[in-house]
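Reviewing the structure listed below.
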Amino acid sequence: MIARARRRIAGVDADVPLPNAPRMEYIKREQLRHAMARAAGAWTATEYPEFDTAEKVVAWVRERRAEETDADTGSPRTKPDA
């Protein structure tokens, strides 16, 4: 995607491969690897006991997905009483 955008900017035909495309893919992979290494351990079971087992994580995700949210703010909405 980056290579295609750069080709458009440079005015080069989109079908012409760029020689640095594999290099850009490598750079993106390395950036992702580095970000994942920095984030590892950010959510520990001692700080977030609701995530200390896989079952609790699944339950938490299902609860969040079941919530109705306000599209403008993203905050949970209460259902009106029937």
What number of residues in region 36-49 are of a type in the set (Gly, Ala, Ser), at pLDDT 85 or above and surrounded by 10 or more Cβ atoms within 10 Å (Cβ to Cβ)?
-> 0
Scan region 36-51 for residues that are assigned to a helix (DSSP H, G or I) and touching a helix residue (DSSP H, G or I) at 6+ places or on another chain (Cβ under 7 Å) and report the count.
-> 2
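The values are calculated or read from the model by the stated rules, or taken from the named source; none is laboratory data. This is a predicted model, so every value here is computed, not measured. We place every Cβ from the backbone using ideal geometry, glycine too, and count neighbours over all the protein chains shown.
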